[in-house]
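Trainee: If you scroll down you'll find the structure; I have some questions about it.
The values are calculated or read from the model by the stated rules, or taken from the named source; none is laboratory data. From a predicted model like this one, the values you see are computed outputs, not experimental measurements. All Cβ positions, glycine included, derive from the backbone under ideal geometry; neighbour counts span all protein chains shown. Note: accessible area is taken over every heavy atom of the protein model, side chains too, but ligands, DNA and RNA are not part of it. Shrake-Rupley method; radii C 1.70, N 1.55, O 1.52, S 1.80 Å.
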Amino acid sequence: MPELPDLTVVAEELSRRVTGRAVREATAPTPILMRATPPQLDALKGTTLGAATRRGKFLLLPFERDGHTEHLLAANPMLAGRFWLLDRADKVRARTGLRLRLADGGELRYVDREMLGKLYLVAPDGLDAIPGWSEMGPDADDPALTLEAFRQRIRRHPGELKPLLRNARFVAGIGNAYSDEILWEARLSPLRRRATLSPEEVDRLYTAMRSVLTDAKDRLRTLVPPNIETQHREFLRIHLRGGEPCPRCGKPLRQIGGREATTFCRTCQPPM
């Protein structure tokens, strides 16, 4: 599942490579993924792609005309959605939610083999119409999310730590993989409840969150370009490494759950 570090780097690479390129045709080969009507897609013809950005687990791509943004694509890739940037148009061989043929012969696609992602085409002021958008908390890497702001926010959110980190109303952009990494770095069990944390542990969680996400973005900037469709997880310390030695203490890592498994070290991340 693409998370904050992944989408940040994809947005940076898209901005570098597609900004200023004109759209010749926009289609939705798999319409169930695309929240837009055929007339709305037709209206993208002749627009120019602007610089991509990220908010939470959404990638935002503006379509501009005469220097003004006419439409925004808000893409939530969910489990398996990926963007592909091709040098030339090619036959669609995968479940493609959006296909943008560019005037210079290139092509940008959103492909989703699981068909779980969601693509919204909205007006520049229409993001609040997306379910959950207006309830999102600050991005986990937002400079305005200071330690003091984090302390204040966490007091309002109960529950276990892993679901808390994944709760976009608390902080936006963290999913299954990076919540494992952050909690391991902070030496906190994913099963701990927020109410059991000491002030020092709250501060430790904040520090781990910022350092893990910063390190991941730095690593992905060297691993991802130019192949934005490839997700990299090989550098993560513990996620989905159940049974392997803990990088810190050497004891076997424990993994629980199914598709969205949780990995942690029972020694380094004690229950209390």
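Trainee: Tell me the carbon and sulfur percent of the accessible area for the chain, rounded to whole percent, probe radius 1.4 Å.
Mentor: Answer for the chain: carbon and sulfur cover 51 percent of the accessible area.
Trainee: Once ligands and nucleic acids are excluded and a 1.4 Å probe is used, how much of His232 is accessible, expressed in Å² to the nearest 10?
Mentor: Estimated to the nearest 10 Å², His232 gives 30 Å².
Trainee: For the range 23-176, what is Rg from Cα atoms divided by 2.2 N^0.38 Å, rounded to two decimals?
Mentor: Rounded to two decimals, the normalised Rg is 1.16.
Trainee: With a cap of 16 neighbouring Cβ atoms within 10 Å, and only residues DSSP puts in a loop, list the GluC sites (Glu not before Pro) found in the range 177-248.
Mentor: Counting only loop positions with at most 16 other Cβ atoms within 10 Å, the GluC sites (Glu not before Pro) in the range 177-248 are Glu229, Glu234.
Trainee: Now for a different question. Would you mind working out the magnitude of the charge dipole of the range 187-228 relative to its Cα centre, with +1 at each Lys and Arg C-beta and -1 at each Asp and Glu C-beta, to the nearest 20 Debye?
Mentor: Here the range 187-228 has a charge dipole of around 140 debye.
Trainee: May I ask which residue of Val111, Trp84, Pro124 lies farthest towards the positive end of the charge dipole of the range 58-215, with charges of +1 (Lys, Arg) and -1 (Asp, Glu) on Cβ and the Cα centre as origin?
Mentor: Of the candidates, Val111 comes out farthest on the positive side.
Trainee: Suppose every Lys and Arg Cβ carries +1 and every Asp and Glu Cβ carries -1, with no other charges. What dipole size does the range 146-188 come out with about its Cα centre, to the nearest 20 debye?
Mentor: Here the size comes out at about 280 debye.
Trainee: Limiting things to C-alpha atoms, what are the Rg and the maximum Cα-Cα separation (Dmax) for the range 1-40, in angstroms?
Mentor: 13.5, 34
Trainee: Show me the ranking of peptides 242-251, 102-111, 167-176 by mean Cβ neighbours inside 10 Å, starting with the highest.
Mentor: 167-176, 102-111, 242-251
Trainee: Here is a follow-up. Quick one: accessible area per residue over the chain, 1.4 Å probe, rounded to a whole number of Å²?
Mentor: On a per-residue basis, the chain sits at 46 Å².
Trainee: What helices does the chain hold that run 18 Å or longer along their axis, going by alpha-carbon atoms, with a Kyte-Doolittle average of 0.0 or more, using DSSP H for the helix calls?
Mentor: Membrane-span-like by this criterion, though nothing is claimed about a membrane: 4-18.
Trainee: Shifting gears a bit: Could you work out the Rg to Rh ratio of the chain, with Rh taken as the Kirkwood radius (inverse of the mean 1/r over all Cα pairs)?
Mentor: A ratio of 1.01.
Trainee: So what is Rg over Rh here for the range 162-272, counting just Cα atoms and using Kirkwood for Rh?
Mentor: In the range 162-272, Rg relative to Rh is 0.96.
Trainee: Then there is this: Restricting to Cα atoms and excluding each atom paired with itself, what does the Kirkwood estimate give for the range 71-151 in Å?
Mentor: 15.0 Å
Trainee: Ok, one more. Could you tell me which of Pro245, Ile154, Ala144 has its Cα farthest along the dipole of the range 129-272 towards the positive end, charges placed at Cβ (Lys, Arg +1; Asp, Glu -1), taken about the Cα centre?
Mentor: Pro245
Trainee: Each label point is 7 Å from the Cα along the Cα-to-Cβ direction; what then is the distance between the points at Ser211 and Arg259, in nm?
Mentor: Modelled inter-label distance: 3.4 nm.
Trainee: Add -39500 (n - 2.57) for each DSSP H run of 4 or more in the chain, then divide by its residues: what number comes out at 222 nm, to the nearest 500 deg cm²/dmol?
Mentor: So the helix-based figure for the chain works out to -8000 deg cm²/dmol.
Trainee: Please label the shape of the range 153-213 as rounded, prolate or oblate, based on the square roots a ≥ b ≥ c of the eigenvalues of the alpha-carbon gyration tensor (a/c under 1.5 means rounded; beyond that, a/b larger than b/c means prolate, else oblate).
Mentor: Because its axes are fairly even, with a/c under 1.5, the range 153-213 counts as rounded.
Trainee: Just to make sure I understand: if all protein chains stay in place, what is the order of Tyr206, Tyr178 by accessible area at 1.4 Å, largest first?
Mentor: Order by accessible area, largest first: Tyr206, Tyr178.
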